[in-house]
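The values are calculated or read from the model by the stated rules, or taken from the named source; none is laboratory data. From a predicted model like this one, the values you see are computed outputs, not experimental measurements. Positions of Cβ are backbone-derived with ideal geometry, glycine not excepted, and every protein chain shown enters the neighbour counts. Quick note on the areas: whole protein, heavy atoms, side chains included, nothing else; ligands and nucleic acids left out. Shrake-Rupley method; radii C 1.70, N 1.55, O 1.52, S 1.80 Å.
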Amino acid sequence: EMAAGFPVVAHYGVVPGGHIIVPKQYRFHEGQLPLRQVVEKEVPAFVTRVTYPYAGGWAEFDHGDVVRYTVLTDLEGRILTVLKSSLKDDSIESSDPFLYLMVAQLLVEVGMAAGRRLILAMIRKSAEKEVRAVVTSLEKAKLKWGEASVIEGGAAKGVASEIEIAKATMQRTMPQVVDGATNKLAMMSFKELNQVLQKAGFKAIKAEKFGPEGGYQVFYQNGNVVARFKSLGDKLGTPRGGQTHISFSLSDGKGLQWMNDMAKFNANGKLAPKLIVDPKKFDPSKDFQGNPHKYPVIDSKYDIKVVDNWANSTHFNAPPGFKLDGVDAVVRPLVK
């Protein structure tokens, strides 16, 4: 994108609140945060050309067009900073809604915080080109900020793009999470694991009681990648019964259930089968949990040793002495 021979790095303009969309929980009402504070909290807010329906995990920031916001956005419409807000009747701004700014002037005008967001937006744009399949920041934000128990969007409109981005994410993330020599977690505490996942772009979106008494399953999400951390492992008597572990799956983007998994990731961040099924026992109408079967690998040479090797390569146990301090703080606001 070019203007007068210069690369466009941002857009500046005045827009009504009805043309700004945010995750539903940040929609403006009495007692809710103003738009400037929403943006400063790194919550995604986007300028749209048309009014947006109250649907999925997203909604207009506020109703109608009475309040106008003077904003700076990146090239894909994500708001980097809110410069001013005013009522429609007392607005005296007459600038073109999308003036082009150059980097030096821009960083001086918006200050450090918004400047940092702009730089990150430009870095993201560059990184997307590396995977050769661009998914807009709005689409990625929809995936990340959808309903708490359901991933918004998903792979339906661009399977190849979502898979490429998921693979790139996991190839960056797994070396930080898993010790390749042992195939166990590379850290000694949940607090550290949680920090690493957050820095890698994962967000804890759901938790439920799971496994032995006092155990929890925490769901993390980054785009179409879903991580399941089981604080005390599976039920006692099962292969990972009582064993703290985590796994990462490529989801179809439509939910967090077992049947929504398309594949798993190994310690190298590469895709591995979701599960391997004995053709003699395969029931296409349901899996072992009674769900409709999706994405199994049916192996005519089914061997339990092969299955065990696969399972051990896609489930990463905690090392001896791993501390669970901090699990309650993450779980408490997520358990319904």
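Descriptive notes on the structure:
- Unsatisfied cross-links (Cα-Cα over 23 Å) in the set Lys230/Lys274; Lys41/Lys264; Lys184/Lys305: Lys41/Lys264
- Compared with the alpha-carbon gap, the fully stretched path from Lys203 to Val335 is longer by 46.0 nm at 0.36 nm per residue.
- Restraint check, Lys167/Lys294; Lys167/Lys209; Lys24/Lys199; Lys203/Lys301; Lys206/Lys280, Cα-Cα greater than 27 Å: Lys167/Lys209; Lys203/Lys301; Lys206/Lys280
- Note on segment 222-300: with charges restricted to the Cβ of Lys and Arg (+1) and Asp and Glu (-1), its dipole about the Cα centre is near 120 debye.
- Straightening the chain between Lys41 and Asp308 buys 91.7 nm, computed as 0.36 nm per residue apart minus the Cα-Cα spacing.
- Here is the tail figure for segment 183-292: Cα pairs spaced more than 21 Å apart come to 41 percent of all pairs.
- If both residues of a DSSP beta bridge must be in segment 237-336, then about 80% of such bridges are antiparallel.
- Fraction of alpha-carbon pairs over 23 Å apart in segment 236-328 - percent: 31 percent
- Phi angles of segment 17-23 translate, via the Karplus equation with coefficients 6.51, -1.76, 1.60 and θ = phi - 60°, into HN-Hα couplings of x, x, 10, 10, 10, 9, x Hz per residue; Gly and Pro are given as x.
- Accessible-area value, Glu192, 1.4 Å probe, nucleic acids and ligands omitted, Å²: 80 Å²
- Extension gain, Leu83 to Thr48, is 10.8 nm, computed as 0.36 nm per intervening residue step minus the present C-alpha separation.
- Ordering of 239-246, 224-231 by packing [mean C-beta count within 10 Å, highest first]: 224-231, 239-246
- Its Cα centre serving as origin, segment 179-336 has a Cβ charge dipole (Lys and Arg +1, Asp and Glu -1) of approximately 260 debye.
- For segment 279-336, the square roots a ≥ b ≥ c of the C-alpha gyration tensor eigenvalues yield an a/c of 1.5 or more together with a/b not exceeding b/c, which makes the shape oblate.
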